[in-house]
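The values are calculated or read from the model by the stated rules, or taken from the named source; none is laboratory data. As the structure is a prediction and not an experimental result, all values here were calculated from the model. Glycine gets a Cβ as well: all are built from the backbone with ideal geometry, and neighbour counts include every protein chain shown.
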Amino acid sequence: MSKVLFVHAKGGPPLGYALSRVAARSAVHLLALSALPGAVAAPAANLCASVHVPDEAERRDLVSLIVSRAQAVGADAVVTFSEYAVVAVAEACEKLGLAGAGGSCALARDKRMMRRAWQEAGIPQPRFRPVATEEEVRDAAADLPYPLLLKAAWSAGSTAHQIIRSPQEAVRAWERSREVMAESARLGYAELHVPGAGGDFLIEQIVTGSAQEWFDQPGWGDYVSVEGAVVDGVFRPVCLSGRMPTVAPFTERAGITPAALPAGAQERVVALARDAVDALGLANCGTHTEIKLGADGRMWVIETAARFGGAMTVPQIEEVFGLDLIGMLVDHLLGRPVHWPERALTPQEARGAAGSLVVLAVDGAGEPWPDRRLWDFPTVARSVPLSDGSRLSVVAESSLPDGAVVPVYDPAAGANTMAALCLLSADAPQTVIADFQTLVDALPRVLPAASPEEARS
């Protein structure tokens, strides 16, 4: 039987979901760089042939750790679905002679390198400047048109994003972003392989989106993501996912599969995603490419990742299109034949729609809740009216336990201050949006109030 070394770290699809799909294709040996969620620990023991938790000495050279562990278990493939481990796994696969993302994987991780590659290829993107010191922040803020976005080069989930609207805000934004990156590292949401990555940033122009010129219905955000894979160096688009409008500065609130773009618009978006992915020279990996939609048909590439989309993107694709992307990628890495879609699938080919909602303590307008609340999914499921046929569930391993205090939303920390992740299945993308709007409006009313003592804790 084939053997796969699964390198687990924070982020990516839910671990329980991903493990079950890999285990259906091969024997799984788990290398746990992050603690296993409580809801997954017992199933992981049953699904995996071995589970290895490295000590601090082993972690000092992550590539060597992955290589030695792969050799020890006789792995035929090595996979990760975490943004924070993709570079290390790609380098390990190169040393092992196994199929992987390839030597240019860092271009799809370090946003500075990514943007330089796109600049050389003529890919439309916001103007940008790499920054690593306070002086460089001041210089960039003086050179680029306002408003600007300061972002960490190796972050994920909109962590450490800061909007700069004037020169006077530049230094404080720099200080705050560095604080957030340090805190994210303590929580395990940080690059695991590249030393000093938490100190790398860039400043970019904020381009103006225009969702209403692209979608026939209201409620959509002004960017989409093209989900797909690179197979032996060839980009294979699978489908598009849409978004609700983000919470300031740019924290994702909800992702919806499929994105209800008209056919012609989808073809243009996919063509740009192909150019962006091709410019990075990837070999074999999942891809997740975000594209901003503007007025008069303008588009800008925001970023590409050498892994599948996080949160519930992959489970949503399996639900509505019947494609197990994790299983397909594992089969390909093991040298088995895989039938990838000939083109990006359309909303007309979907079986209904699915979406994931990040529970944040802000209302539909992005304003903070007036008081502190306790997360309690049974209350939500019982009290919030949804559309006929819609089904709501909670992703336990990505959510606080019932009874926990919902964190105060921190714009700089982004998704680090989420309380829960919910999955909704419905008959159409627009139904998902309508139900999510209902949920967002209802949460601060239906969730139990936190006592003063609970709020302080």
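Being free of Cβ contacts under 8 Å to residues at least 24 places away in the same chain and within 20 Å of Phe81 (Cβ to Cβ) holds for only one residue in Glu303, Glu367, Glu318, Glu342, and it is Glu318. Report yes if some residue within the range 144-164 is out of contact with any Phe, Trp or Tyr (no Cβ under 7 Å at 6 or more places or on another chain), outside the structural domain of His29 (by TED's automatic domain parsing), within 24 Å of Leu360 (Cβ to Cβ) and hydroxyl-bearing (Ser, Thr, Tyr); otherwise report no. Within the range 144-164, one or more residues are out of contact with any Phe, Trp or Tyr (no Cβ under 7 Å at 6 or more places or on another chain), outside the structural domain of His29 (by TED's automatic domain parsing), within 24 Å of Leu360 (Cβ to Cβ) and hydroxyl-bearing (Ser, Thr, Tyr). Is it true that some residue in the range 112-120 is in contact with a Ser or Thr (Cβ under 9 Å, 6 or more places away or on another chain), basic (Lys, Arg) and either modelled with pLDDT of 95 or more or closer than 19 Å to Phe235 by Cβ (or both)? Within the range 112-120 (the criterion being in contact with a Ser or Thr (Cβ under 9 Å, 6 or more places away or on another chain), basic (Lys, Arg) and either modelled with pLDDT of 95 or more or closer than 19 Å to Phe235 by Cβ (or both)), the answer is no, since none of the residues qualifies.
Per-residue answers, yes or no, for (1) within 17 Å of Gln437 (Cα to Cα); (2) touching a Ser or Thr at 6+ places or on another chain (Cβ under 6 Å):
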position: Gly322; (1), (2): no, no
position: Leu334; (1), (2): no, yes
position: His339; (1), (2): no, no
position: Arg343; (1), (2): no, no
position: Ala350; (1), (2): no, no
position: Leu374; (1), (2): no, no
position: Pro378; (1), (2): no, no
position: Leu392; (1), (2): yes, no
position: Glu397; (1), (2): no, no
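In the condition set (1) more than 22 Å from Asp296 (Cα to Cα); (2) surrounded by 23 or more Cβ atoms within 10 Å (Cβ to Cβ), Trp220 is compliant with all but (1).
May I ask you to say which residue of Leu144, Leu98 is at pLDDT 95 or above, surrounded by fewer than 23 Cβ atoms within 10 Å (Cβ to Cβ) and either of a type outside the set (Gly, Ala, Ser) or more than 30 Å from Ser177 (Cβ to Cβ) (or both)?
Matching residue, one of Leu144, Leu98: Leu98.
Those strands (runs of 3 or more DSSP E) of the range 170-283 in which at least 1 residues are within 30 Å of Leu333 (Cα to Cα), among the hydrophobic types (A, V, I, L, M, F, W, C) and not assigned by TED's automatic domain parsing to the domain that holds Ala153, considering only elements entirely within it, cover 223-231, 234-243, 254-257. For Gly403, the conditions (1) free of Cβ contacts under 8 Å to residues at least 40 places away in the same chain; (2) part of a loop (DSSP other than H, G, I, E, B); (3) under 24 Å from the mean Cα position of the chain (by Cα) all hold with the exception of (3). Does Arg391 count as over 25 Å from Gly157 (Cβ atoms) and either surrounded by 20 or more Cβ atoms within 10 Å (Cβ to Cβ) or touching a Phe, Trp or Tyr at 6+ places or on another chain (Cβ under 8 Å) (or both)? Criteria not met by Arg391.
Selection of the range 391-427 for residues being under 22 Å from Ala173 (Cβ atoms) and polar (S, T, N, Q) yields Asn416, Thr417. Just one of the listed residues (Leu334, Leu323, Leu329) is buried (at least 23 other Cβ atoms within 10 Å of the Cβ) and either among the hydrophobic types (A, V, I, L, M, F, W, C) or within 25 Å of Glu191 (Cβ to Cβ) (or both), and it is Leu329.
Taking the residues in the range 223-248 that are surrounded by fewer than 21 Cβ atoms within 10 Å (Cβ to Cβ) and either under 28 Å from Asn416 (Cβ atoms) or under 16 Å from the mean Cα position of the chain (by Cα) (or both) as candidates, determine which candidate is modelled with the lowest pLDDT. Within the range 223-248, the match that is modelled with the lowest pLDDT is Ala248.
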